[in-house]
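The values are calculated or read from the model by the stated rules, or taken from the named source; none is laboratory data. Just so it is clear, the model here is predicted, and its values are computed rather than measured. Glycine also receives a Cβ, built like all others from the backbone with ideal geometry; neighbour counts cover every protein chain displayed. Accessible surface areas use protein heavy atoms only, side chains included; no ligands, DNA or RNA. Shrake-Rupley method; radii C 1.70, N 1.55, O 1.52, S 1.80 Å.
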Amino acid sequence: RGRAVATLTLRSSGRARLTVHDALGRCVAVLADGEYSAGMHAFPFSPGPSGVGVYFLRAHGDDASSVFRFIFAP
């Protein structure tokens with residue numbers, strides 16, 4: 001079974017939340033939700049056996065937020 005790894009780099013310590021959403025906008029995983037130190041952090045994601053498809057990774061921090069689209073095809 002396949003697995004992806006999302007990385008998050010924080011310039012300074014603070015709160016971060018990473019969520020994965022399917023193409024319909026449903027939250028399918030919360031990869032991170034808490035206080036993190038400055039630097040790079042890695043979070044594994046595995047949608048399960050029928051998880052092939054398009055997903056969106058939403059990253060929220062104290063001072064920024066981003067959305068990234070990715071295709072999961074193990």
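So, in region 29-56, of the ones that are surrounded by 14 or more Cβ atoms within 10 Å (Cβ to Cβ) and under 10 Å from the mean Cα position of the chain (by Cα), which residue ends up nearest to residue 71 (Cα to Cα)?
Taking the candidates together, the pick is 55.
Among the strands (runs of 3 or more DSSP E) contained in region 1-44, which hold 2 or more residues that are basic (Lys, Arg)?
Here the list reads 14-22.
Since residue 9 meets every condition but one in (1) without any contact (Cβ under 8 Å) to a residue 12 or more places away in the chain; (2) open to solvent by 70 Å² or more (accessible area, probe 1.4 Å), which condition does it not meet?
(1)
Does residue 67 satisfy being open to solvent by 80 Å² or more (accessible area, probe 1.4 Å), touching a Lys or Arg at 6+ places or on another chain (Cβ under 6 Å), of a type outside the set (Asp, Glu) and free of Cβ contacts under 8 Å to residues at least 40 places away in the same chain?
Taking the combined requirement at face value, the residue satisfies it.
Pairs under 7 Å by beta carbon, first residue farther than 13 Å from residue 60 by Cβ in region 17-40, partner charged (D, E, K, R) and not in a strand (DSSP E or B), six or more apart or different chains?
38/11
Given the conditions (1) open to solvent by less than 80 Å² (accessible area, probe 1.4 Å); (2) more than 16 Å from residue 65 (Cβ to Cβ), which single one is not true for residue 24?
Failing condition for residue 24: (1).
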